[in-house]
Amino acid sequence: MSAIELSKPQWSSQKVFILAAVGSAVGLGNIWKFPYIAGENGGGAFVLVYLLCVALIGLPVLMAEIGLGRMGKANSPQAMANLAAEFRASPLWSLVGLSGVLAGVLILSFYTVIAGWAIDYFVESAVGHFRGIQADAIGKHFSDLLANPWALLFWHTVIVLMTVGIVAKGVKGGLEKAVNFMMPLLFFILLVLLGWSASQQSFGESLRFLFAPDFSKLTWEAVLIAMGHAFFTLSIGMGAMMVYGSYLPERHSIPKAAVWIVFADTAVALLAGIIIFTVVFGNGLEPGAGPGLLFQTLPVAFGQMSGGWFWGTLFFFLVVLAALSSAISLIEPAVSWVEQNWRMKRSTATWLLGFLVWLLGIGTVLSFNAWKHVHFLPGKTFFDSLDFITANIMLPLGGMLMAIFMAWVVSDKARQAEFRLPPALDGAFRFDLRAIAPVGVLIVFASNLVSDPY
Ligand code: PFF
Ligand code: NA
């Protein structure tokens, strides 16, 4: 085979990888979750801990996970099993992959419900219901939506069907191309909104809230939530990046791709936060309003901007798209595992898992109305419990084990060949994976058990 024939498919795989990975990372975690958990946990100090976790744990674990995918070349439990065999470690390492498969299904079951809110907002905005809307009116629209389980179930069903349709038919290439074009557009709208925010009086207060740390407000639980969110937002610790990593040709640099993913993801989150808190402080709203924060604030900004109908409608459309490109990566580890392990057709596996996700999602739908006061974990609704178990426990645990595997089980030679870092950086990378990331996760886990025992 000639060099040209070889390089062509590889180049397109590299593109597919970056598109898929950024599409997976940038999603509801950035635009919906980051602002509301930052608001609930007092702002600045929480944001600083989150940024430290992204830099010190998120980036190296993201690199390790992509590397494991490229080396293991299979669905995530099988990739871990292959590597464990290659490096003479216990076959139990495949459990890391399995727990990730489960985490993906659990996360997707609430992710689709929230994406359903965004699609409702897209429709409401498109038909003009949000023109010039004020904070109290949008607040009422949102609480009416949440109080109506049938509306939530309807949109949840729509999003699950869209996700399953895309994954079952394998038309992901089309979605990735759309994401390639739409994500820069989303970024552009955020910049437009940033310009609007900067012209508001409450802009300074928003910046102070997010970036002036007040450590007296920081609890160990807040640190756990910040750390968990670093995993959630980068899509790491559950095998999604492992699956995507297997697309990445050997000659492309994992560190470069990872830095780009982290940069894009962090920028979107911070922009969303700055804009949302400008609206919060400009309208006397509550920073700790919870999961509704995005939905109770941004329509007010669009309502006041010129061309707000257009920008608002486009914005919620792009949020739905960003959510879909994350949703397909949440179900992919489960689909490829079921497909290969149970010898099932890809489409059958996808529909089966989609049904499971849909069923579980009903619990989240009810968390905002009929089961509002029903607690599964202490003080936590069904939705809060799922979110807590996945983002704050399963992902950090999975990511920690991937770090340990890459740094202690994979040989130095194999790691160096995989990442091709200059010696000093390779040493820092190994030290981070061996010590900083796992010890960091353990300290945060242990402190929560001690300070807040169930
Ligand atoms: N990173 C996505 C977000 O920030 O919205 C959520 C996510 C996708 C988490 C895929 C985990 C994952 F595997
Ligand atoms: Na994200």
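In this structure, Leu95 and Lys169 have a Cβ-Cβ separation that, at R0 = 41 Å, corresponds to a calculated FRET efficiency of about 0.85. Working note: 222 nm ellipticity from helices only, DSSP H runs with n ≥ 4, each -39,500 (n - 2.57), summed and divided by the residues of the chain, gives -24500 deg cm²/dmol to the nearest 500. Note on segment 54-134: dipole from Cβ charges, positive end direction compared against Ile66, Val101, Ala115; the farthest Cα belongs to Ile66.
Peptides 260-267, 415-422, 291-298 ranked from most to least packed, by the mean per-residue count of other Cβ atoms within 10 Å: 291-298, 260-267, 415-422.
One decimal place: the segment Phe263-Ala151 gains 36.7 nm when fully extended, by the rule 0.36 nm per residue minus the C-alpha distance. For a distance above 21 Å, tell me the whole-number percent of Cα pairs in segment 293-366 that qualify. Roughly 49 percent, rounded to a whole number. Think of the chain as having a plus end and a minus end, set by charges on the Cβ of Lys, Arg, Asp and Glu; of Leu293, Ser13, Ala135, Ser13 sits farthest toward the positive end of this dipole. All Cα-Cα distances of segment 105-168, cut into 10 Å bins from zero to the largest, leave 20, 47, 25, 7, 0 percent in each bin in turn.
Counting Lys and Arg as +1 and Asp and Glu as -1 over every other residue whose Cβ lies under 12 Å from the Cβ of Phe87, the net charge comes to +1.
Coupling constants for segment 113-124 follow from the phi torsions by the Karplus curve (6.51 cos²θ - 1.76 cosθ + 1.60, θ = phi - 60°), and in residue order they are 5, 5, 4, x, 4, 5, 6, 4, 5, 4, 5, 4 Hz; glycine and proline get x. Coupling constants for segment 435-448 follow from the phi torsions by the Karplus curve (6.51 cos²θ - 1.76 cosθ + 1.60, θ = phi - 60°), and in residue order they are 10, 4, 5, x, 5, x, 4, 5, 4, 5, 4, 5, 4, 5 Hz; glycine and proline get x.
For segment 11-81, applying the loop criterion from DSSP together with a ceiling of 16 other beta carbons within 10 Å to the trypsin sites (Lys or Arg not before Pro) yields Lys73. Stretching the chain fully between Ser199 and Glu86 yields a gain of 34.8 nm (0.36 nm per residue, less the alpha carbon separation). Among Met305, Pro255, Ser347, pick out the residue whose Cα is farthest towards the positive end of the charge dipole of segment 243-365, where Lys and Arg carry +1 and Asp and Glu carry -1 on C-beta, about the Cα centre. The residue sitting farthest along the positive end of the dipole is Ser347. Extension gain, His129 to Gln340, is 71.3 nm, computed as 0.36 nm per intervening residue step minus the present C-alpha separation. Remark: segment 371-420 carries a charge dipole of roughly 60 debye about the Cα centre, counting +1 on each Lys and Arg Cβ and -1 on each Asp and Glu Cβ.
Sorting the segments 89-97, 341-349 by their residues' average number of neighbouring beta-carbon atoms within 10 angstrom, most packed first, yields 89-97, 341-349. Rounded to the nearest 20, the size of the Cβ-charge dipole of segment 125-248 about its Cα centre is 340 debye, with Lys and Arg at +1 and Asp and Glu at -1.
Rounded to the nearest 0.05, the FRET efficiency derived from the C-beta distance between Leu102 and Leu359 at R0 = 22 Å is 0.90. Just so you know, the Cα atoms of segment 172-284 work out to an Rg and Dmax of 17.5, 53 Å. Between Leu377 and Arg420, the distance separating the two model label sites (each 7 Å from Cα on the Cα→Cβ line) works out to 4.2 nm.
In the chain, Cα pairs under 8 Å separated by at least six residues give a relative contact order of 35 percent. Per-peptide packing, taken as the mean over residues of other Cβ atoms within 10 Å, places 360-368, 441-449 in the sequence 360-368, 441-449 from highest down.
Working note: Karplus 6.51/-1.76/1.60 with θ = phi - 60° gives segment 49-54 the couplings 4, 4, 5, 4, 5, 4 Hz, where Gly and Pro are set to x. Residues of segment 120-157 with amide nitrogen under 17 Å from the 7 Å Cα-to-Cβ point of Ser306? Under 17 Å, as judged by backbone N against the label point of Ser306, lie 132 of segment 120-157.
Computed from the Cβ-Cβ distance with R0 of 41 Å, the FRET efficiency linking Ser13 to Leu191 stands at 0.85. Note on the chain: with charges restricted to the Cβ of Lys and Arg (+1) and Asp and Glu (-1), its dipole about the Cα centre is near 1080 debye. At q = 0.09, 0.10, 0.14 Å⁻¹, what is the log10 ratio I(q)/I(0) for the chain, with the Debye formula run over Cα points and no solvent? Debye output, listed in q order: -0.55, -0.69, -1.38.
Every number here is computed from the coordinates shown, using simple stated rules; none is lab data. Owing to the predicted nature of the structure, the values given are computational and were not obtained by experimental measurement. Every residue, glycine among them, receives a Cβ derived from its backbone with ideal geometry; neighbour counts consider all protein chains shown.
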